[in-house]
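Student: First the structure, which I've put down as structure tokens, then a few questions once you've had a look.
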Amino acid sequence: MIVCVCKSVSERQIKACIDAGATSMEDLQIDLGVALCCGKCGPYVQEMVSGASPCCGRLCGGCCQSAQGTAPSEVVVAPALALAA
Ligand code: FES
């Protein structure tokens with residue numbers, strides 16, 4: 001799966017970089033160039049490097065990590081943009 005569209009960086013590449021010793025967002029920015037253009041991949045990359053296991057691309061509380069497969073207790077949804085009329 002492509003995580004950083006701007007730099008065409010995949011989740012596999014990020015995991016490999018972390019496995020090779022990257023420990024911070026800065027390491028991944030230097031090594032792969034992620035989160036340096038639009039920044040939309042930043043939160044996902046940060047979760048990966050922080051040791052969290054992003055599974056669905058949202059802050060889902062680990063829904064797919066659950067042994068019972070229970071639904072997340074809270075789903076964070078980005079607020080809609082308020083457009084001036
Ligand atoms: S998607 Fe990664 S910087 Fe734009």
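Quick note: the coordinates plus some simple rules give every number you see, no bench work behind them. What you see is a predicted model, and the numbers here were worked out from it, not measured in a lab.
Student: Quick one: compute the contact order of region 2-57, relative version, from alpha carbon pairs under 8 angstrom and 6+ residues apart, as a percent.
Tutor: 34 percent
Student: How long are the semi-axes of the equivalent ellipsoid of region 2-57, taking √(5λ) for every eigenvalue λ of the Cα gyration tensor, in whole Å from largest down?
Tutor: Taking √(5λ) for each Cα gyration eigenvalue gives 14, 13, 10 Å.
Student: Karplus couplings for region 28-37 from phi (6.51 cos²θ - 1.76 cosθ + 1.60, θ = phi - 60°), rounded to Hz, Gly and Pro as x?
Tutor: Residue by residue, region 28-37 yields 6, 5, 5, 6, 10, x, 5, 6, 10, 9 Hz.
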